[in-house]
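Remarks on the structure that follows.
The values are calculated or read from the model by the stated rules, or taken from the named source; none is laboratory data. These figures come from a predicted structure and were not determined experimentally. Positions of Cβ are backbone-derived with ideal geometry, glycine not excepted, and every protein chain shown enters the neighbour counts.
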Amino acid sequence: MLGQQILSGLATGSLYALTAIAVVVVFRNTRTINLAQGDFAMIGAFLGIVFLKDWGLNYYVTILLVVACCIVLGFGVERIIMRPIANSDWLTLFTTTIGIYYILHGVAGLFWGRDTKAFPLTFDPTPVDILGAVISQGHLYNMGWALAIGAVLYAFFNFTKQGVAMRALTDDPEAAYMMGIPVRFIVLLTWGLAGFIAGFVGILIAPIIYVSPEMMDEVLVKGYVAAVFGGLYSIQGAVIGALLIGVAENLAGGYIGSHVKTATAFVMIVVLLAFRPQGLIGIQKRREI
Amino acid sequence: MSLLKIDGLEANYGPVTALRGISIEVPEGGIVTLLGANGAGKSTTLKCISGVVKPRGGTIEWKGDKILNRSPNWITRAGIAQVPEGRRIFKDLSVSENLMMGAYTRSDRGQIRSDEERVFELFPRLKERSKQLGGSLSGGEQQMLAIGRGLMARPTLLLLDEPSLGLAPLLVKDIFETLLKLNQEWGLALLVVEQNVTMALKVSQFGYVMQLGQVMVSGPSAELRNDAKVLESYMGVAQ
Ligand SMILES: Nc1ncnc2c1ncn2[C@@H]1O[C@H](COP(=O)(O)OP(=O)(O)O)[C@@H](O)[C@H]1O
Ligand SMILES: [Mg+2]
């Protein structure tokens, strides 16, 4: 029972982790707390239904198309909405993403309706036994994908010029600009990366939680809380936070009661901020320089 | 023909006027120094050349072409690299990654690698620390890295903003020796902003002294050296 709770917690946590990474990367390069990150994934999930059910496309082709569409969505949001106000204060940027959040909710409702839709099952629903812990194949499958995407992101950030430049921008945007790094292009890529991640999250999470305009609201908030674990700055911190949240809420749900499951993440963040506010403040100071 | 020719350059930051029509030339393969007290407008001059600050008026010619409104990306590609004031190393990037960022505008991979080797030959300490984070280096090492990062763009002209600032005297000597080497062996033209008047006039062929956004005195460095009193009066004037 315990092992099972932990494993499936890690599986959900790995999707929170992907969301958290996107939140962190966008925040540290653009000072934008992107409330629409979840909705990028939501749009991806709806598109997944269109491609898979309505168009009858192959699952892998669907993934490719959904991810491509979400990247374009990320690009579009940067180019059309965020770039013109890029120099505004963080509150303006944040408020704007609230606007994008509602626009995307509305667009999804308009095209696909407000009711929840079932996503076609993309894995064998029979649970499997791993070292005594019984876990659904969907969870295993999602963990595998999350690991693979994590590896791709790691390679991108460490071995490609654009990925390293993204980190350089986090470090010192003005110095990056002086080196001839095309800062605007890198910011565009940053939003594209957020879309890339969202595309996968949308398609991976859809079979587990059903598809609706609101489907990502809770995931986003947990992803955001996880990002705060990393001070909205550290990817490792965010990933650790996300996995902790995934496991803790599963344990709380299993041993205390399902009504406390959702609250777990918030209890964790309150406790974290009460005992380790200095980490967070330290990073905020650093951002202001 | 001079490599870089600035004429009547004016710049401001909002209401603050930083440059009031300055004219400066850098000949091919030359070392030119830009002196002056804090706030004289030296950094602004370099930033206008590298495209980071957009001037209000005047002209900048690079190899005979006007480059006034070009982006830093374009200017770096054209052969001008900058070593910024305060080094501005990417602290969370490794030494190698910092160098990689200096070469961002290039795509000739093989050449980039051999240029990195060349930088490591120039600064063996960087090679020893190539995997370390930029932020973990000492001040002197960070300055080497800042220069190395500039070199990775394969510039014809390197702009250096107070490369000796905050370094111990022995390291200051090293840095100026490096500059001479870059000029004589690598064939680079240098435009060096400095507070260390003595050293700057020793290595350069020509000097400009700025005050409050204007060039007050200019001439061959050998002559300026004999005019120590005049120089000091300008260097002493704060803001
Ligand atoms: N980012 C900025 N915003 C506003 N004023 C600035 C900025 N940078 C420089 N200045 C002002 O422009 C003038 C020239 O500065 P600067 O070029 O940095 O001089 P120097 O490098 O010779 O010390 C100074 O009066 C300085 O206060
Ligand atoms: Mg300066």
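Here is how the numbers come out for the structure above:
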quantity	calculated
Strands (runs of 3 or more DSSP E) within segment B:112-226 that include 2 or more residues buried (at least 21 other Cβ atoms within 10 Å of the Cβ)	B:157-161, B:189-194, B:206-211
Residue identified as closer than 21 Å to residue A:32 by Cβ and buried (at least 16 other Cβ atoms within 10 Å of the Cβ) among A:77, A:67, A:72	A:77
Qualifying residue in segment B:42-61 (condition: of a type in the set (Ser, Thr, Tyr), facing chain A (nearest Cβ under 10 Å) and farther than 18 Å from residue B:156 by Cβ)	no
Helices (runs of 4 or more DSSP H) wholly inside segment A:115-209 that include at least 1 residues being among the small types (Gly, Ala, Ser) and surrounded by fewer than 16 Cβ atoms within 10 Å (Cβ to Cβ)	A:137-159
Lone unmet requirement of (1) within 16 Å of ligand 1 (Cβ to nearest atom); (2) free of Cβ contacts under 8 Å to residues at least 12 places away in the same chain for residue B:227	(1)
Within segment B:3-18, tally of residues that are under 26 Å from residue B:182 (Cα atoms) and buried (at least 23 other Cβ atoms within 10 Å of the Cβ)	2
Any hit, segment B:19-41, residues being within 14 Å of chain A (Cβ to nearest Cβ) and either of a type in the set (Val, Ile, Thr) or surrounded by fewer than 18 Cβ atoms within 10 Å (Cβ to Cβ) (or both)	no
Among residues of segment B:84-108, those that are facing another protein chain (nearest Cβ under 10 Å), hydrophobic (A, V, I, L, M, F, W, C) and in a helix (DSSP H, G or I), counted	2
Hey, residue B:111 farther than 16 Å from residue B:50 by Cβ, more than 8 Å from chain A (Cβ to nearest Cβ), modelled with pLDDT of 95 or more and within 16 Å of ligand 2 (Cβ to nearest atom) or not	no
Given (1) under 25 Å from residue B:73 (Cβ atoms); (2) away from ligand 2 (no atom under 13 Å from the Cβ); (3) small (Gly, Ala, Ser), index of the condition residue B:23 fails	(1)
Within segment B:35-83, considering residues that are out of contact with any strand residue (DSSP E or B) (no Cβ under 9 Å at 6 or more places or on another chain) and assigned to a loop (DSSP other than H, G, I, E, B), the one nearest to ligand 2 (Cβ to nearest atom)	B:38
Selected residue [free of Cβ contacts under 8 Å to residues at least 40 places away in the same chain and either away from chain B (no Cβ under 14 Å) or touching a His at 6+ places or on another chain (Cβ under 8 Å) (or both)] from A:209, A:203, A:197	A:209
Filter result for the condition that a residue is without any contact (Cβ under 8 Å) to a residue 40 or more places away in the chain and not in a helix (DSSP H, G or I), over A:64, A:57, A:91	A:57
Residue check, residue B:23 in contact with an Asp or Glu (Cβ under 7 Å, 6 or more places away or on another chain), over 30 Å from residue B:139 (Cα atoms) and either in a loop (DSSP other than H, G, I, E, B) or modelled with pLDDT of 95 or more (or both)	yes
